[in-house]
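Colleague: Take this structure first; my questions come after.
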Amino acid sequence: MYLGSWAAAESNFYLGRFEEAVRRYTVLADRHPQQVEELAALSQIWHCSTYYLKQQEPARAALQRIQATFAKLPESAYNGTTQYHNRTYWKGWLDDAAKQTPGANTTNARPQ
């Protein structure tokens with residue numbers, strides 16, 4: 001079920017069905033709270049909202065949720081098995097996304 005859910009979200013993304021992809025990524029993010037998988041799903045929501053749907057408010061909301069989740073995740077969540085399981089990856093991702101998101105709150109305290 002887990003891989004099938006990701007595959008369905010990714011398929012919709014690559015088929016250009018961005019609203020359906022966002023819906024599916026939202027379900028995945030909610031299914032994996034306070035886990036690296038939540039960050040991955042939310043980053044795809046941000047990506048769809050920013051680049052394809054051109055919806056600034058959902059992009060800002062996704063970024064804020066990623067920032068909050070990132071700040072709370074314990075170091076043990078980052079086991080290095082994939083790029084997504086690396087704290088440094090998410091720190092860089094957040095810095096880049098904040099620069100690309102109009103009105104983003106860049107003052108959130110995030111672990112270094």
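The values are calculated or read from the model by the stated rules, or taken from the named source; none is laboratory data. Computed from a predicted structure; not experimentally measured. Backbone-built Cβ (ideal geometry, glycine too); neighbour counts: all protein chains shown.
Colleague: With respect to residue 41, is the statement that it is hydrophobic (A, V, I, L, M, F, W, C), surrounded by fewer than 18 Cβ atoms within 10 Å (Cβ to Cβ) and modelled with pLDDT of 95 or more true?
Modeller: No; evaluated as a whole, the condition is false for this residue.
Colleague: Can you pull out the residues in the range 79-104 that are closer than 20 Å to residue 54 by Cβ and either at pLDDT below 90 or of a type in the set (Asp, Glu) (or both)?
Modeller: Of everything in the range 79-104, those that are closer than 20 Å to residue 54 by Cβ and either at pLDDT below 90 or of a type in the set (Asp, Glu) (or both) turn out to be 96, 102, 103, 104.
Colleague: Might you check whether a residue that is crowded, with 17+ Cβ neighbours inside 10 Å and of a type in the set (Gly, Ala, Ser) occurs anywhere in the range 60-74?
Modeller: yes
Colleague: Residues in the range 59-102 that are touching a Lys or Arg at 6+ places or on another chain (Cβ under 6 Å) and of a type in the set (Gly, Ala, Ser): how many?
Modeller: Summing the residues that are touching a Lys or Arg at 6+ places or on another chain (Cβ under 6 Å) and of a type in the set (Gly, Ala, Ser) in the range 59-102 gives 1.
Colleague: Now for a different question. Go through the range 1-26 and count every residue that is in contact with a helix residue (DSSP H, G or I) (Cβ under 8 Å, 6 or more places away or on another chain) and not in a helix (DSSP H, G or I).
Modeller: 1
Colleague: Just to verify a result, which residue in the range 50-97, among those that are farther than 14 Å from residue 37 by Cα and among the basic types (Lys, Arg), is farthest from the chain's Cα centre (by Cα)?
Modeller: 54
Colleague: Pairs needed: first member in the range 59-72, farther than 12 Å from residue 105 by Cβ; second member anywhere, hydroxyl-bearing (Ser, Thr, Tyr) and part of a helix (DSSP H, G or I); C-beta distance under 8 Å; at least 6 residues apart or different chains.
Modeller: Going by the 8 Å Cβ cut-off, the qualifying pairs are 59/49; 59/50; 62/43; 62/49.
Colleague: Does residue 51 count as over 18 Å from residue 19 (Cα atoms), aromatic (Phe, Trp, Tyr) and either modelled with pLDDT of 95 or more or surrounded by fewer than 19 Cβ atoms within 10 Å (Cβ to Cβ) (or both)?
Modeller: Spelling it out, it is not the case that residue 51 is over 18 Å from residue 19 (Cα atoms), aromatic (Phe, Trp, Tyr) and either modelled with pLDDT of 95 or more or surrounded by fewer than 19 Cβ atoms within 10 Å (Cβ to Cβ) (or both).
Colleague: Looking at the range 5-58 only, could you name the residues that are touching a residue at least 24 places away in the same chain (Cβ under 8 Å) and at positive phi?
Modeller: Result: 16, 34.
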